[in-house]
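Peer 1: Dropping the structure in here first, questions after.
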């Protein structure tokens, strides 16, 4: 399954970003989400399917070439959405992954943070199944 198809199987509605790990040495970015659900219906909607939920799951980007967070100075810590994955035409091995997340302060003021990650691949990881890459 290519990354563009794969992100359409991930449901993050009403879920939040717990942490972001940037591992430059291994060219990986890991985003931890409180719960990741999967979309398996023919309609393409979540339909409250919970059989494959991953608690404290990780969205892992590999072969990372760059990461950009705009605006600068805000750390995503609230709702998050995988917006799109687009193949880079000049580099047919890499995708631009667009992610939108909220950064909320203690007073409840939230700022929308747009992340762009250029990477070769994406998969999920379940902390209860160490070393298993979920990519289907």
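Peer 1: So what is the relative contact order for the stretch 3-125, in percent, with contacts set as C-alpha pairs under 8 Å and at least six apart?
Peer 2: Relative contact order comes out at 26 percent.
Peer 1: Rounded, prolate or oblate: which one fits the chain, using the alpha carbon gyration tensor with axes a ≥ b ≥ c (rounded when a/c is under 1.5, else prolate when a/b beats b/c, else oblate)?
Peer 2: Since a/c stays below 1.5, the shape of the chain is classed as rounded.
Peer 1: Per residue of the chain, what 222 nm ellipticity follows from adding -39500 (n - 2.57) for every DSSP H run with n ≥ 4, rounded to the nearest 500?
Peer 2: After summing the helix terms and dividing by the residues of the chain, the value is -500 deg cm²/dmol.
Values in this text are rule-based calculations from the coordinates and carry no lab data. All values reported here derive from a predicted model rather than from experimental measurement.
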